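Trainee: The structure is given below, and queries will be raised subsequently.
The values are calculated or read from the model by the stated rules, or taken from the named source; none is laboratory data. Because the structure is predicted, anything quoted here is derived from the model rather than measured. Quick reminder, even Gly has a Cβ in these numbers, built from the backbone with ideal geometry, and neighbours come from all protein chains shown. We work out accessible area using only protein heavy atoms, side chains counted, and drop any ligands, DNA or RNA first. Shrake-Rupley method; radii C 1.70, N 1.55, O 1.52, S 1.80 Å.
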Amino acid sequence: MDKCIFCKIRDREIPKEFTYEDDDIMVFPDINPVKPVHLLIISKKHYADLSEVRDETLLAKLMLKTREMAKENDLDKNGYRVLINGGGAQAIMHLHIHLFGPMDQTTLL
Ligand code: AMP
Ligand code: ZN
């Protein structure tokens with residue numbers, strides 16, 4: 001099966017500057033940012049979406065890193081949104097969390 005684009009990024013087949021990386025997760029800027037800060041926090045292991053993941057430690061790690069990135073980019077004081085598309089609503093079928101901001105209070109959609 002062909003590798004997805006995020007697996008190619010993980011394997012350095014597509015050049016990318018990483019904001020953070022460890023054995024399980026990585027963080028890099030979204031190529032098409034919707035806000036001045038727009039990061040993708042991804043699992044290194046390929047999961048199509050949230051519903052496939054059974055590893056609760058990994059889920060906690062992804063969320064804790066998202067929180068840390070919000071703080072590191074001063075979004076904790078300036079507004080941010082955390083978003084996960086799934087179930088076919090995502091363009092890239094490899095689990096990732098969007099973190100973007102700064103932003104004001106907005107309606108959900
Ligand atoms: P989603 O609809 O949640 O699957 O969003 C996928 C996101 O990946 C979009 O916001 C894209 O801009 C972003 N994206 C696609 N290709 C790349 C890439 N090569 N590097 C960084 N971000 C990407
Ligand atoms: Zn993948």
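Trainee: Considering only region 93-105, I want to know if a residue exists there that is under 17 Å from residue 10 (Cα atoms), in contact (Cβ under 8 Å) with a residue 60 or more places away in the chain and open to solvent by 80 Å² or more (accessible area, probe 1.4 Å).
Mentor: Among the residues of region 93-105, at least one is under 17 Å from residue 10 (Cα atoms), in contact (Cβ under 8 Å) with a residue 60 or more places away in the chain and open to solvent by 80 Å² or more (accessible area, probe 1.4 Å), which makes the answer yes.
Trainee: Here is a list: 17, 68. Which entry is among the acidic types (Asp, Glu) and touching a residue at least 12 places away in the same chain (Cβ under 8 Å)?
Mentor: Details: 68 fails: touching a residue at least 12 places away in the same chain (Cβ under 8 Å).
Selected residue: 17, the only one of 17, 68 that is among the acidic types (Asp, Glu) and touching a residue at least 12 places away in the same chain (Cβ under 8 Å).
Trainee: Only residues that are away from ligand 2 (no atom under 15 Å from the Cβ), open to solvent by 50 Å² or more (accessible area, probe 1.4 Å) and either at pLDDT below 95 or assigned to a loop (DSSP other than H, G, I, E, B) (or both): list them for region 1-30, please.
Mentor: Within region 1-30, 15, 17, 18, 19, 23 meet the criteria.
Trainee: Do we find a residue being among the hydrophobic types (A, V, I, L, M, F, W, C), out of contact with any strand residue (DSSP E or B) (no Cβ under 7 Å at 6 or more places or on another chain) and either surrounded by 14 or more Cβ atoms within 10 Å (Cβ to Cβ) or at pLDDT 95 or above (or both) anywhere in region 62-75?
Mentor: First, pick out the residues of region 62-75 that are among the hydrophobic types (A, V, I, L, M, F, W, C): 62-64, 69-70, 75.
When the remaining residues are screened for being out of contact with any strand residue (DSSP E or B) (no Cβ under 7 Å at 6 or more places or on another chain), the result is 63-64.
Next, from what is left, pick out any that are either surrounded by 14 or more Cβ atoms within 10 Å (Cβ to Cβ) or at pLDDT 95 or above (or both): 63-64.
Within region 62-75, one or more residues are among the hydrophobic types (A, V, I, L, M, F, W, C), out of contact with any strand residue (DSSP E or B) (no Cβ under 7 Å at 6 or more places or on another chain) and either surrounded by 14 or more Cβ atoms within 10 Å (Cβ to Cβ) or at pLDDT 95 or above (or both).
Trainee: Inspect region 31-47 for any residue being assigned to a loop (DSSP other than H, G, I, E, B), without any contact (Cβ under 8 Å) to a residue 24 or more places away in the chain and open to solvent by less than 60 Å² (accessible area, probe 1.4 Å) and give the result as yes or no. Give the steps one after another, and end with the answer.
Mentor: Going through region 31-47, the residues assigned to a loop (DSSP other than H, G, I, E, B) turn out to be 31-36, 44-47.
Now narrow it down to the ones that are without any contact (Cβ under 8 Å) to a residue 24 or more places away in the chain: 31-32, 45.
Checking the rest, the ones that are also open to solvent by less than 60 Å² (accessible area, probe 1.4 Å) come to none.
Within region 31-47, not a single residue is assigned to a loop (DSSP other than H, G, I, E, B), without any contact (Cβ under 8 Å) to a residue 24 or more places away in the chain and open to solvent by less than 60 Å² (accessible area, probe 1.4 Å).
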